[in-house]
Structure formats: structure tokens, C-alpha cells
1. Kindly indicate the residue of region 358-399 that is part of a loop (DSSP other than H, G, I, E, B) and among the β-branched types (Val, Ile, Thr) and also nearest to residue 303 (Cα to Cα) among those meeting that condition.
2. Of all residues in region 328-347, count the ones that are in contact with a Phe, Trp or Tyr (Cβ under 9 Å, 6 or more places away or on another chain) and either in the same structural domain as residue 445 (by TED's automatic domain parsing) or in a strand (DSSP E or B) (or both).
3. If you go through region 593-611 one residue at a time, do you hit one that is assigned to a helix (DSSP H, G or I), at pLDDT 65 or above, in the same structural domain as residue 521 (by TED's automatic domain parsing) and surrounded by fewer than 21 Cβ atoms within 10 Å (Cβ to Cβ)?
4. Restricting attention to region 285-303, and to residues there that are in contact with a Pro (Cβ under 7 Å, 6 or more places away or on another chain) and crowded, with 21+ Cβ neighbours inside 10 Å, which single residue is modelled with the highest pLDDT?
5. Please count how many residues of region 436-449 are touching a helix residue (DSSP H, G or I) at 6+ places or on another chain (Cβ under 8 Å) and crowded, with 20+ Cβ neighbours inside 10 Å.
6. Given the residues 100, 104, 31, 79, which is the only one that is modelled with pLDDT of 95 or more and assigned to a loop (DSSP other than H, G, I, E, B)?
7. Being of a type outside the set (Ser, Thr, Tyr), within 20 Å of residue 204 (Cα to Cα) and over 18 Å from the mean Cα position of the chain (by Cα) is the filter here, so list the residues in region 266-285 that pass it.
8. Among (1) free of Cβ contacts under 8 Å to residues at least 40 places away in the same chain; (2) surrounded by 15 or more Cβ atoms within 10 Å (Cβ to Cβ); (3) among the polar types (S, T, N, Q); (4) touching a helix residue (DSSP H, G or I) at 6+ places or on another chain (Cβ under 9 Å), there is one condition residue 393 misses while meeting the rest; what is its number?
Amino acid sequence: MIKPEIEFFQEIKSESFTLLNLLAHRANKEPNKIGYKFLQRGETVSKITYLELELQAQVIAYSLQSLKLEGERVLLLYPSGLDFIKAFFGCLYAGLIAVPAYPPRASQHISRLLSITNDAKATIALTTSSILKSLESEINKHPELKSLQWLATDTLDNELAKEWTKPNITPKTLAFLQYTSGSTGKPKGVMVSHENLLHNLSLIYSCFAHSEQSQGVIWLPPYHDMGLIGGILQPLYGGFPVCLMAPMDFLQRPLRWLQAISQHQATTSGGPNFAYDLCLQKISPEERDQLDLSSWKVAFTGAETIRAKTLEQFAEYFAPCGFRKEAFYPCYGMAETTLIVTGGKVTDPPVICEIDGNSLEQNKVLPVQNPEHSKQLVGCGQNLPNQKTLIVNPETLIECLPEEVGEIWVSSSSVAQGYWEQPEETKKVFKAYLADKVQGPFLRTGDLGFIRDGELFVTGRIKDLIIIRGQNYYPQDIELAVEKSHPALRSNSGAAFSVEMKGQEKLIIVQEVERTYLRNLNINEIVSSIRQVVTKEFELQVYATVLVKPASIPKTSSGKIQRHRCREQFLQGTLSIVEDWCETPHGKVKFLHLQNEVDNLFKQLSNLNPTQK
């Protein structure tokens, strides 16, 4: 690294440095360097230099400043692309709080958008003229959207940049609200400051061994923390270019992702575990042999359960085109910690831990006694500098012993300020102390795991844990076994959870089917396969199995299964059912719902006094 760049990174740690200084530095140092390219269906359609980005940020910022919106939240409704980046920095340059959100198509995601709009109390929405036109009917339908000021940023005059004035902000100023994926409940706005972002960006830069010679390729959505912070802000921090893609372009044809890495000789790219699985399923040997993945140094993976078999199969399958297993970079993070929490060395291969799967049911980590109960876990890296990561018993609030599973707690400058306008929830989650009332405050992540030889292993989420007859079961383990039980079942598209029936917890399976099997679905054969594998591997009885349409299982923006939401849809009877089976007298889920309603009615009646009855 050249000397001026060393001095710059020292300056970042100063008490007055913000993201405005970061972009200004890049625009001043290398004004004509292309910072971002956007690829549509794999082809470059637009690009922007650092100077052009700063100019556009100032244009949007002045337009916002002229509306006298000090301290307000600004809704960002953009597809993947450069317009989002311009608008995001436009908010920062105006000193306002950006609120990235889904750009809804027709009625899709509209309930989430309304929830975010209401929670953030946004007063203005930025978007493009084409999206604004497509949203007209939805805006007129919903008072929350109609009351917003709407501004199409692609119609603004560049001359406005001359009128912009630098806002009075500090590192403590909120940069944006990152609305959580909502995997277990209603989305909450995580308050992320400039200081949080710069601290986390420095951790990522160091962990990933980035430099100005790095090259990124990112298809992750910009309204998700991994896509925004890791995919958009990290390249700016490191001064290296990145090629961006729309998530749908990747999902429709995963080959486009690896072709972009090959063509642009990317050093850094990645995504959740399902992305690597999708490549294995959809890319033929002939297509693979046209790729060159030898430049790929950091293939990061996180946001959902990382499967050792996926890493092994991907590395083996793509080895002929230059991919190295050592490139895999499992890591752990979340919106509440800005992004990254733990990570390893880029030169080290993934750490695989083999333990007795049954021991996890008692929150223990024990050596394998019986090969049939062996379970492989992928390490998510080590604790990073200037932070503290503990494993804590979530009930006693006492730090766990090395061979115990507990909740992951984090103390770091990357930990965000809390949840927007939720002081009680903020205190509960962000201000936790150990039982001694001395050590703290910590962030309670809600994730379960353990640390072995300094390596963090994540085992699941507390709220997703299935407890039947006093035993703990991890839903992702059951879901994996189910999807492999029959070829008609889609991978990464199932949910396992429990519901209470007559005072007992019962296991429910909701699983998508492959589109090619929809017309000739043998429900008895599939249910039999599912029940057999669950009984054999977990000694559990499946009470109900619901087969649903492809792409109908609720997921987060990063592709995680929303088990809590899926459970709600099951109980409400709103799943997109293709076929179902249940241990009711008539063998159908609808009779389970009827029984549930009868039980609830009797409960209500039993609570009435004699006169009311």
C-alpha cells in the first residue's frame, strides 16, 4: 500500500471522520476511477466514477436540503443499480437518515414496505421515474404512501450540486436504518451510525485482506446489510472497483454470477450457502469448463447455516476451472452489529468441527460416540480485534463453559445504537449484562453457538429451536433431511417448526415441491419418505406435512427461511398448499385447524363466569 493511503486509513480513525469524508477522499484522489459497474444479465450497462458519484450525491442532497427535512428519514425504493448508490449517498450528504427498502412489484412486499414506512415515520421517498410511475396505483391505495413526498432522482439537474452545503454531522450521527430481515418477527429498524459503519468496514478490509488491487462482484440486494455494507460501501472504503448484479439475474441463471467473476477476474464475491448450492444444481460441466475462477481469493459465505458438504462439493466441482477450497471464507454477522462479527484468515481453509449431534439436544458439545449421530459444523472465524464475543447461558446469564452451547453475546464499536423508537427492546437486546452486573453492555444476538479453540460455531437461533419432550432440535437439520428424502422436494425451501396440540408440541413440516412434479404428485409416497427419514434420524413423529407451491415459502431478503412467518401462515391456513397430510382422523390439515378452533373455543368458555356461560 502506498504511503498516502496509509495516512488516509489513519485519518479515518479521527474523531471527525464520516462517510462524506470517505467519498470526498476518493473523488479527490482518483476522480476518474470507475468505482461501480452495474451488470444486467451479465453485461455491463452502466458505470460511475468516484467524482461522478460525489456530484450526483450533492445534487440529490441539495434537493433534500431545500425541503427543510432536518433529522427526517428518507425511504429509498430502488432496484439494484447505480441509482440506489447515488440516492444513499445523497441522503448522507444531506445529513438525513436513509431507509433502504424493497422496491415492491405490484402487490409484492407491499405489507413490509408499509410496515417500514410506518415504523420509520418516513416523510419522503426517493426512487426513479419509472418505478414511481409503476407504483401509482399502490400509492393511491395506501394512505401511508400517499402522504409521503415522492422524488424521482433521475430527473434532477446536475447544476443543483453547486448549491449544496456540507451538513453538520459527526461520526455519532445516524447514517441509516437497516431494517432486519424479520426471520422471527416484525422487521425492526437498526440504527447504524457513521462510526459503526467505518469501524465495521475497517474490520472487513483487514479480514478480507483487501487492497486497491481487489475486485468485487456482488449480486446481493442493496437493501440488505451484506449487499449494502459488504458489496457497496466496502469497495469504496478500500478504493477498489466492484461489479454489481441484480439478485434476480443471479437466481434466474446462476452461471451469470460465476461468468462475471471469471470475466472481471474478481478477487472477492460470495453469498449465503444456498447460492453455492444453486450453482452446483444449475451449472453444467460444459458451462463450468468455460470459466476461470483462479482469481477468486475470498468466497465469503454467511447469513444462514453454512453446510460443510456444500463447501466440499462446490470446491471439488469447480476445481477444474481454478477454484480453491481455501478461498472459502465462512463468517458470522448481523444487522445489529452493522455486519461482520467473526472471521478467519483468508489464507486458511474452512474449519470443520465434527461432534455428537445428540449432545446438542442437551446444549452440550461432545465427541462423536456413534458415527450415525455425527454432525459436521463449519466454523465462522475468530473474534476480531477490539471487541469481545462470549457464549452465555440465555437463562442464567452466566458465561458458558467451553463445551456448552449458549447465546452469542458481542461487545464492539460495530454494535449499532439500538432499534429505532423501541427503547425497551433496545435495552433488552443491546444493553445486556452478565449475572454479575459488571461485565457489559453486550448485544444479545439471539443466536446459539459455542467457541472451540478460538473458533466460533453457530448452531441455530433461540426462537427457531424446536423443543419436544424436553429435547432440543435444530430445524435446519430436520429441513436438510426432509429435502433429501425425495426428488420431488426443492432444496433450501422447507420449514420445520412445532405447534401446540392438546398441551403437547407437535412437529410440522412445510416443504416446497419442484415445479416438474406438480402434475403427478404422489402425496403418500412423499409423506412416507419424509416420516421415515425424520423418525430414523431424529426419533421424532411428524404430525403434519404440507407440500406447497414453488417459491411460496416466506424468506428474508438474504434467502433465510422465515420459520416464524411460515408457522403463522400454517396456523392461519394461508399457505399455498398443493397437497397435505396430517395425523387427524381425516388425514388433512384443515381438520387440524378445526380442532384448534374448537380447543380455543373451549378455553374461552372455561374462562367465563357462570353468568356469562
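1. Narrowing region 358-399 to residues part of a loop (DSSP other than H, G, I, E, B): 363, 365-370, 379-381, 384-386, 393-398.
Filter again for among the β-branched types (Val, Ile, Thr), leaving 365, 368, 396, 398.
Working: 365: 23, 368: 27, 396: 28, 398: 27 Å.
Applying the filter and picking the extreme gives 365.
2. Adding up the residues that qualify gives 7.
3. Residues of region 593-611 assigned to a helix (DSSP H, G or I): 593-606.
Of the ones still in play, those that are also at pLDDT 65 or above are none.
No, region 593-611 contains no residue that is assigned to a helix (DSSP H, G or I), at pLDDT 65 or above, in the same structural domain as residue 521 (by TED's automatic domain parsing) and surrounded by fewer than 21 Cβ atoms within 10 Å (Cβ to Cβ).
4. Top of the filtered list is 301.
5. 3
6. Numbers: 100 fails: assigned to a loop (DSSP other than H, G, I, E, B); 104 fails: modelled with pLDDT of 95 or more; 79 fails: modelled with pLDDT of 95 or more.
Result of the check over 100, 104, 31, 79: 31.
7. Here is the first cut: in region 266-285, the ones of a type outside the set (Ser, Thr, Tyr) are 266, 270-275, 277-283, 285.
Keeping just the survivors that are within 20 Å of residue 204 (Cα to Cα) gives 266, 270-273.
Listed by number, the list holds a single entry, 266.
8. Only one criterion is unmet by residue 393, namely (4).
The values are calculated or read from the model by the stated rules, or taken from the named source; none is laboratory data. Please read all numbers here as calculations on a predicted model, not as lab measurements. Glycine also receives a Cβ, built like all others from the backbone with ideal geometry; neighbour counts cover every protein chain displayed.
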